[in-house]
1. Test of understanding: ordering Met99, Met1, Met81 by Cβ neighbours within 10 Å, fewest first, what list do you get?
2. Thr3 to Ser33: extension gain in nm, 0.36 nm per residue of separation minus the Cα-Cα distance?
3. Give me the percent relative contact order of region 97-206, please, defined on Cα pairs under 8 angstrom at least 6 residues apart.
4. Taking R0 as 45 Å, what FRET efficiency do you get between Thr162 and Lys75 from their Cβ-Cβ distance, rounded to the nearest 0.05?
5. Around Ser98, which amide H atoms from residues at least 5 apart in sequence, or from another chain, sit under 5 Å from its own amide H, with H modelled in the peptide plane?
6. Quote the relative contact order of the chain in percent (integer), defining contacts as alpha-carbon pairs under 8 Å separated by 6+ residues.
7. By how many nm would the segment from Lys104 to Asp67 grow when fully extended, if each residue of separation counts as 0.36 nm and the alpha-carbon distance is taken off?
8. Once you mark the GluC sites (Glu not before Pro) that are in a DSSP loop and have at most 15 other Cβ atoms within 10 Å, what is the longest gap between them in the chain?
Amino acid sequence: MDTWTSIKNGREALGDYLAGLSADDWNKPTLCSEWTVKDAAAHMLVIPTIPKGQVFRSFLGCGFSLDKMNAKFVKKLTADMTTAEIAAKMRASAGSHSMPPGLKPPGILTELVVHSSDISEGAGIPFTLPVEDYIAALDHLKDVQPVIGSKKRIAGVTLRATDAQWSTGSGPTVEGPAKQLVLAAAGRRHALDRLSGEGLATLRAR
């Protein structure tokens, strides 16, 4: 699997999805705390459209706080762009290979996978990427601790996809669609109701 090709295809598909949403859909809350669909979509434009030097300077200016930096960019982008412009920009910037400091292609694909799921689950309108993209995100998340905290969150349980030949970990099993496993690993409690297995109690407690 070529990661950049998956990222490009996923961004283009998400742009098409966003273009089909109603005004009410754009204002719905996502699984990302305090972000609407418009906020989350705008956030996803930061990596492909804002120069990494500007991102780094903003990070410094926000006291090395990712949350403050993200909030700053989201506020600006949502003020400057209509929803139609955000959707169009998502497609137009799909082929960007821009990478801010500290991120590599698997991390960029994972952000796309997680936030597109945050958006579609919040909007209540299905959006699905190829299962291979969710598996690639799971392979990334299982070893990531900074910021996302997924490595520690899934420690001591076995995650098993029911729609692909994939599993990781040891201990009581948590199983379900790869998309929902991604959301659970990323800390979205919403996903736990769509999974099953003896390891669920462990994840719910974290």
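Nothing in this text is a laboratory measurement; each read-out follows from the coordinates by a stated rule. Just so we're clear, the structure is a prediction, and the values are computed from it rather than from any experiment. Backbone-built Cβ (ideal geometry, glycine too); neighbour counts: all protein chains shown.
1. Ordered from fewest to most neighbouring Cβ atoms within 10 Å, Met99, Met1, Met81 come out as Met1, Met99, Met81.
2. 8.0 nm
3. After rounding, I find 21 percent.
4. The calculated FRET efficiency here is 0.70.
5. Sorted by chain and number, the residues that satisfy this come to none at all.
6. Taking the mean separation of contacting Cα pairs over the length of the chain, I get 20 percent.
7. 11.3 nm
8. The answer is 35-197.
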